[in-house]
Amino acid sequence: MTGSPFLSLTDEDRDEMLATIGVSSVEELFRDIPEAVRLHRPLELEPPLSEPEIVAHLTELAGRNAHTGSELSFLGAGIYDHYVPAFVDAMLARGEFLTAYTPYQPEMSQGVLQAIFEYQTVICELTGMDVSNASGYDGPTVTADACYVAKHATGRSKIVLCEAVNPQVRQVVKTYAPGFGLSVVEVPQREGTTDPDELREAARDAAGVVFQQPNFFGCLEPAPDLAAAANEQEALPIAYVDPLSLGVLEAPGEYGCAIAVGEGQGAGNYQSYGGPHYGFLAAREDYVRRMPGRIVGETTDLDGRRAFVLTLQTREQHIRREKATHNITTNQTLLALAGLMYLSWLGPQGLREVGETCLALGAYAKERLGLPLAFPDRATFKEFAVRVGRPGREAIAAARESGVHPGYALGRDYEGLEDVLLVAVTEKRTTAEIDRLAEVLGA
Amino acid sequence: MAADESYPDDLKYHAEHDWARIDGDTATLGITWYAQDALGEIVHLEAPEDGSSVAAGESYGEVESVKAVSDLIAPLSGEIIEVNAALADAPETINEDPYDAGWLIKIRLTDPAEVAGLLDVDAYRKLLDEQ
Amino acid sequence: MSAAVPELPTLLVFEQSRPGRRASTLPAHDLPVPEVPSELARTRAPRLPELAEPELVRHFTGLADRTFGVDTGFYPLGSCTMKHNPRMNERVVSLPGFRDLHPLQEEDGAQGALELMWRLQEILAEVAGLDAVTLQPAAGSQGELTGLMLMRAYFSDRGEGDLRDTVFVADTAHGTNPASVTMAGYKLEKVGTDARGNLDLEVLRERVNERTAGLMLTNPSTLGLFDESIEEVARIFHGAGALLYYDGANLNAVCGISRPGDMGFDIVHYNLHKTFSQPHGGGGPGGGPVAVREILEPFLPVPAVVRDGDRFRFDYDRPKSIGKVRGFAGPFGVFVRSYAYIRSYGPRLREMSEAAVLNANYVLARLRDTYDLPFDRLCMHEFVLSARNLKRDHGVTALDVAKRLMDYRFHPPTIYFPLIVPEALMIEPTETEPKERLDAFADAMLAIAREAAEERDLVKDAPHRRPVKRVDEVQAAKRAIVRYRFEEHPQLSAGAPTGAAVEAQKGA
């Protein structure tokens, strides 16, 4: 039986090493472990497989999943089928990026540090903010993080969530809230968007207000009015935004938001059944010392060269411990670097084009499907909600028999929308594919 | 560049490594040479606002270096009448001159009897020797 | 005599941008573009880089060249378990059936993914010696927070929620433990370490009571030492009705040898990026699954992944669940890699841990006479030395040793942690290092100790062979330049107003 391909240990090595240590067996190295807590049988796991067998097994498992290569899909609802360029795959395959850890020793890691600095810059550019961290776990958790920042910045303990915000985001915020000492109230959606007057009312004494742009239904919220309503109540406006919309939609920093957060997946990551991806969090200068997570700063070395280093580390758990702004250590750097690479590939013109294509194809799809819109009076970006005349899950099952996934069943999260599908149309879709969807939905 | 180690005779000291210079019913507060040495070069001062009050034994702000953050513990209770504004741009002054240019806040004492509970320089030096 | 070649400055991607350059191509269409309402429309384009593909590739290749990873060389960061990341992982994670699968796909279209998750859960439960697993948390820290939330939910359910408000943490604990305690809304109590490197039992006997929710502990500890009185520790906490939480950061030492559940722990988090080979990615991603004893299963996050005969599905019917800590079912791509890795070892995971412990003890044996050893015991998968003797005799610190190791082409170990050891050097070789690497590292450490005595400046001014010398961290903290300041460089692409950008496009 061959040994593990990941171990170099030979019998000779083992004998020499035991001799140097001064024990007679490997077993003796574990003598401090009390007998009563030792495992006296092998782990009940299946026997080891060779690499070809592992690949075959995983291939078999993967083969039983309906992915975007095997099924035409209009699923969105927070995770999107945007194009990931070959350039990104190639750069991420560099073993240095893949296998380095947090750049605690700046002289060993100028490459990663500079990359994170560049990532922080592009996120600030997209969102119109002054400071970004080096990434958080995903969109939902960075939203919870932003609520924690708001609590400490204002001294208040209420958070307002719009019902039109992604249900998973709301659920995660509510899970974190008790430990944070935060109460949560929701403002209902009205015909697909949020009423600024209702939000203003709810935001009295709130630490922060979270709204989404475009919202979970794909509708464009009156975002500047929502931010203004929050600011009038001295609650921090927290905008949950789609990075791929920020070529055509205004930056939250330009209309009075304190913090911008979101799910970065659409910018440079594959869907990968939900992760790993990256959450981005950017804020006004005022909040830099309350930011959770790592931040890279520019400095010089002893010879005066420009250099990059983790900075403001006293906020973080390894120094501040129980008074840290957050407990985060391992973050999502590799995925955030993919985001940087993608946005560098795209450039400002490309970002605008992606946005315009989503708008154009969305309009084409609404017309071609000819189905009643759930929110007919609302402008939308990339996604829109249609009534399909039957329960959403049924429509999905029927469409999938023809090899098309028509979109997300909003009835899973919203009462009164049981017959509504959320259809996502990204720049990867073609008019022919949209025609096919129309056909399958019997429009 | 940090100052040489010293503990002036005319100051009162507190076990949390703060000093107080008493002047009638007001006091000037700061941190001792030992405190600034332990922190390393100070990069940021989180200062309180004029007019807010401080309570003896409680934190009134923070000083930060690259490797640590320290609460500033008030040795005496009072109302803040002045904050050293020069430190916002040059917090390293606290390292260079912890007892004069590096003063942190001036307060009007609300309980002058508390002064008796502070350490004189010999008692403070003794405490340092035991650290 | 050779002339020195002038150093090329390394440029930021923004400094290489030129207006009009572009790497992306997108399908064209001639459909009308609906207008965005003017009050919502973008007014100024973001100043994203403008480069064509060749220079973009060179830019990122250059960044990779200036980064040291496990692939480059020895990386003994204590408690990070920087082991080799198998390449087969990367092949399987990019299978289209995993890579291009939407998380909201119908369950009958995701059976392969659900089965993989279910199997991984079963494996992790067996390795922990516990009953139920959630894969949802995205990293160890999030696993810790989840574990504390589970504790809170458990006690609330029993009517003891308000009563039990305190969690104990060892003074050697990783900073995430106390930070998590605060984020979970608990009060923190610290427990010290005795001269053997075990928890101070006297303190525990005195202070653990009906107000105690639990203990957070890593075993072996960050000192690399197995707590010899772990059974008594468990008795003290369980006796007071409290729970024990295991920080799995150091699991690499004991897989298949001692299981946390058998040690008495009720909740365990794993670090898939440490023990189970998920690459560290320059800082992440990771995975922080949590295993629990049966009594805590009802409180696990939703959805649970369950098996019904030969079908696998999500179960949302968990009325006592704490809710959701992360989107979807967790970082699935990380599960794929860890699952593939574990299938490579099977029950022979034990050999992985044995090799890790052997390697650590070997390096310790080679260094213990030259550096200060605070706890004179056999170590587990890592050990802590102190450079305090070098500091005392030559003014050379742990920081200096770390910087000089770079010149020998090693990544330094963790320094100044755990906090209870002055001038700490925390060394974790991992099992994937061959003996020759360990010898080269030990030789370098011995050489540096000699240099400290005989050529002090060489060590104090190190590194000499990296792209940069020591960097000014004070300046970084004071000036806090955390993004490229376009406004200070007006000659570069200035984020044209979108109207002008559109006009320029038309003219092209």
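Tabulated results
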{"read-out": "FRET E, pair C:E202, A:R190, Förster distance 60 Å, beta-carbon r, rounded to 0.05", "value": "0.45"}
{"read-out": "Globularity ratio of the stretch C:34-93, using Cα Rg and 2.2 N^0.38 Å", "value": "1.98"}
{"read-out": "Among A:K323, A:K366, A:K382: highest mean-square fluctuation, GNM of chain A, C-alpha pairs under 10 Å", "value": "A:K323"}
{"read-out": "Surface accessible to a 1.4 Å probe, C:D443 within the full protein complex, Å²", "value": "70 Å²"}
{"read-out": "Kyte-Doolittle mean at least 0.0, axial Cα span of 27 Å or more - DSSP H helices of chain A", "value": "A:333-369"}
{"read-out": "D (Stokes-Einstein, µm²/s), Kirkwood Cα radius, the stretch A:323-443, 0.890 mPa s at 25 °C", "value": "149 µm²/s"}
{"read-out": "Rg/Rg_globular for chain C, with Rg_globular taken as 2.2 N^0.38 Å and Rg from C-alpha atoms", "value": "1.12"}
{"read-out": "Whole-number percent relative contact order across chain B, with pairs defined as alpha carbons under 8 Å at least 6 apart", "value": "31 percent"}
{"read-out": "Within the accessible area of the protein assembly as shown (1.4 Å probe), percent carbon and sulfur", "value": "47 percent"}
{"read-out": "Accessible surface, the stretch A:1-140, averaged per residue in Å² (probe 1.4 Å)", "value": "35 Å²"}
{"read-out": "Isotropically averaged projected area of the protein assembly as shown, using the convex hull of Cα atoms (one quarter of hull area), nm²", "value": "44.1 nm²"}
{"read-out": "Options C:A170, A:A283, A:V248, ranked by Cα towards positive dipole end of the protein assembly as shown, top entry (Cβ charges)", "value": "A:V248"}
{"read-out": "Antiparallel content of DSSP bridges confined to the protein assembly as shown, in %, to 5", "value": "70 percent"}
{"read-out": "Heavy atoms of A:S25: accessible area, 1.4 Å probe, square angstrom to 10", "value": "40 Å²"}
{"read-out": "Whether the stretch A:68-194 is rounded, prolate or oblate, judged on the alpha carbon gyration tensor where a/c under 1.5 counts as rounded", "value": "oblate"}
{"read-out": "Residue-normalised accessible area of the stretch A:285-438, expressed per residue, 1.4 Å probe, Å²", "value": "32 Å²"}
{"read-out": "Estimated inter-spin distance, C:R456 and C:S38, nm [label 7 Å along Cα→Cβ]", "value": "7.3 nm"}
{"read-out": "Computed accessible area, B:H14, all protein chains, 1.4 angstrom probe, square angstrom", "value": "40 Å²"}
{"read-out": "Of A:D413, A:D138, A:D32, the one that fluctuates the most in a GNM where chain A has Cα springs shorter than 10 Å", "value": "A:D32"}
{"read-out": "Of C:S38, C:H464, C:G284, farthest towards positive along the dipole that unit charges on Lys, Arg, Asp, Glu beta carbons give the protein assembly as shown", "value": "C:S38"}
{"read-out": "Estimated translational D of chain B in µm²/s (Stokes, Kirkwood radius over Cα pairs; 10 °C; 1.306 mPa s)", "value": "109 µm²/s"}
{"read-out": "Rh (Kirkwood; distinct C-alpha pairs) - the stretch C:389-444, Å", "value": "12.2 Å"}
{"read-out": "Given charges at beta-carbon only (K, R positive; D, E negative), |dipole| of the stretch C:42-116 in Debye", "value": "520 debye"}
{"read-out": "3J(HN,Hα) from dihedral phi, the stretch B:46-58, Karplus parametrisation 6.51/-1.76/1.60, rounded to Hz, x for glycine, proline", "value": "9, 9, x, 9, 3, x, 7, 10, 10, 10, 4, x, 10"}
{"read-out": "GNM flexibility winner over chain A from A:T143, A:T333, A:T99 (Cα, springs under 10 Å)", "value": "A:T99"}
{"read-out": "Shape category assigned to the stretch A:320-385 from the gyration tensor of Cα positions, a/c cut at 1.5", "value": "oblate"}
{"read-out": "Chain A - mean residue ellipticity at 222 nm from DSSP helices (-39,500 (n - 2.57) per run, n ≥ 4, rounded to 500)", "value": "-11500 deg cm²/dmol"}
{"read-out": "More than 22 angstrom apart: percent of Cα pairs within the stretch A:163-261", "value": "22 percent"}
{"read-out": "Residues C:E210 and C:D262, FRET efficiency given R0 of 25 Å [Cβ-Cβ distance, rounded to 0.05]", "value": "0.40"}
{"read-out": "log₁₀ of I(q)/I(0) at q = 0.05, 0.07, 0.13 Å⁻¹ - chain A, Debye sum with one point per alpha carbon", "value": "-0.23, -0.43, -1.18"}
{"read-out": "Length-normalised contact order for chain C - Cα pairs under 8 Å, 6+ apart - percent", "value": "19 percent"}
{"read-out": "The stretch C:261-382: C-alpha gyration tensor shape, a/c 1.5 cut-off, then a/b vs b/c", "value": "prolate"}
{"read-out": "Between C and A, accessible area buried - total, square angstrom, nearest 100, 1.4 angstrom probe", "value": "17100 Å²"}
{"read-out": "Cross-link pairs beyond the 24 Å C-alpha cut-off, checked among A:K366/C:K324; A:K323/C:K478; C:K83/C:K435; C:K83/C:K403", "value": "A:K366/C:K324"}
{"read-out": "Rounded Å value of the spacing that divides the Cα centres of the stretch C:309-338 and the stretch C:96-164", "value": "6 Å"}
{"read-out": "Size descriptor, Kirkwood hydrodynamic radius, that averages inverse alpha-carbon separations across the stretch C:1-109, Å", "value": "20.3 Å"}
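The values are calculated or read from the model by the stated rules, or taken from the named source; none is laboratory data. This is a predicted model, so every value here is computed, not measured. Glycine also receives a Cβ, built like all others from the backbone with ideal geometry; neighbour counts cover every protein chain displayed. For the accessible areas, the whole protein counts, side chains as well, though only heavy atoms, and no ligand, DNA or RNA atoms are used. Shrake-Rupley method; radii C 1.70, N 1.55, O 1.52, S 1.80 Å.
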